[in-house]
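Engineer: Provided herewith is a single structure, encoded as structure tokens, for subsequent inquiry.
The values are calculated or read from the model by the stated rules, or taken from the named source; none is laboratory data. Because the structure is a prediction, the values reported are computed rather than measured. No Cβ is skipped: glycine too gets one built from the backbone with ideal geometry, and neighbour counts run over all protein chains shown.
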Amino acid sequence: MSDQSVLYPTDTGIVQPYKNDPFRGNLSTPINDSSLAKAFIRNLPAYRPGLSPFMRGLEIGMAHGYFLVGPEIVVGPLRETAHGANLSGLITAIYITASACLGISLFAMTTFQGNPKGAYNSNCKDELRPLKAKEEWFQLNGGVFLGAMGGAIFAYLLLENFVDLDAILRGAVNIN
């Protein structure tokens with residue numbers, strides 16, 4: 001019996017070291033290592049196979065841009081004003097998006113500085129690292145920017161025209 005099997009028994013419980021290696025710094029539990037969790041993560045736009053980096057970024061940006069407007073409207077300093085809350089939510093979403101895109105650009109430039117492979121191995125089969133070149137990160141960044149701006153503007157327009165949309169959906173407006 002080896003010292004490792006005495007210190008780290010792998011068959012005694014539900015929580016075990018990931019891939020039976022206690023030195024990886026990860027635990028395999030029924031939640032994070034289940035087929036349901038893996039299927040969910042693989043279906044996220046960041047890891048879904050067959051998407052170009054721009055389309056990954058566009059989908060990520062649309063979702064985040066749409067939801068970034070809300071917190072400023074609910075708890076922002078202009079929440080009591082008629083249209084100021086919606087406009088401040090849009091401005092805040094644009095600012096957060098621009099900051100995130102700046103961060104993605106800085107990450108791409110520093111990770112791949114002077115080395116086209118960057119910190120990633122180009123032969124890596126890790127499915128959680130689908131972007132392996134600076135250009136792919138820049139394409140993702142463009143998609144995030146465009147998608148987040150579109151999502152934020154769409155949310156702003158919905159909020160600004162909520163009364164009219166509500167009247168249409170309730171049938172209070174005669175469309176003829």
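Engineer: Which condition does V69 not pass, out of (1) more than 15 Å from the chain's Cα centre (by Cα); (2) free of Cβ contacts under 8 Å to residues at least 40 places away in the same chain, if it passes all the others?
Structural biologist: (2)
Engineer: Further question on the same structure: Does L102 count as surrounded by fewer than 18 Cβ atoms within 10 Å (Cβ to Cβ), touching a helix residue (DSSP H, G or I) at 6+ places or on another chain (Cβ under 6 Å) and farther than 15 Å from G150 by Cα?
Structural biologist: In short, no.
Engineer: Continuing with this model, one more query. Scan segment 153-169 and report the pairs whose first residue is on the phi < 0 side of the Ramachandran plot and surrounded by 14 or more Cβ atoms within 10 Å (Cβ to Cβ) and whose second residue is at pLDDT below 90 and part of a helix (DSSP H, G or I), with Cβ atoms within less than 6 Å and a gap of 6+ or a chain change.
Structural biologist: So the pair list comes out empty.
Engineer: Something else: Is it the case that A108 is among the small types (G, A, S), modelled with pLDDT of 85 or more and under 22 Å from L44 (Cα atoms)?
Structural biologist: yes
Engineer: Among the residues of segment 42-62, write down those that are outside any loop (DSSP other than H, G, I, E, B) and surrounded by fewer than 14 Cβ atoms within 10 Å (Cβ to Cβ).
Structural biologist: Within segment 42-62, just R42 meets the criteria.
Engineer: Identify all residues within segment 135-176 that are part of a loop (DSSP other than H, G, I, E, B) and at pLDDT 85 or above; write none if there are none. Reasoning before the result, please.
Structural biologist: So the first thing to find is which residues in segment 135-176 are part of a loop (DSSP other than H, G, I, E, B), and the list is 161, 171-176.
Matches in segment 135-176: N161 only.
Engineer: Another question, if that's okay. Test K132 against the criterion of being basic (K, R), farther than 24 Å from P71 by Cβ and either surrounded by 14 or more Cβ atoms within 10 Å (Cβ to Cβ) or at pLDDT 90 or above (or both), and give yes or no.
Structural biologist: Criteria met by K132.
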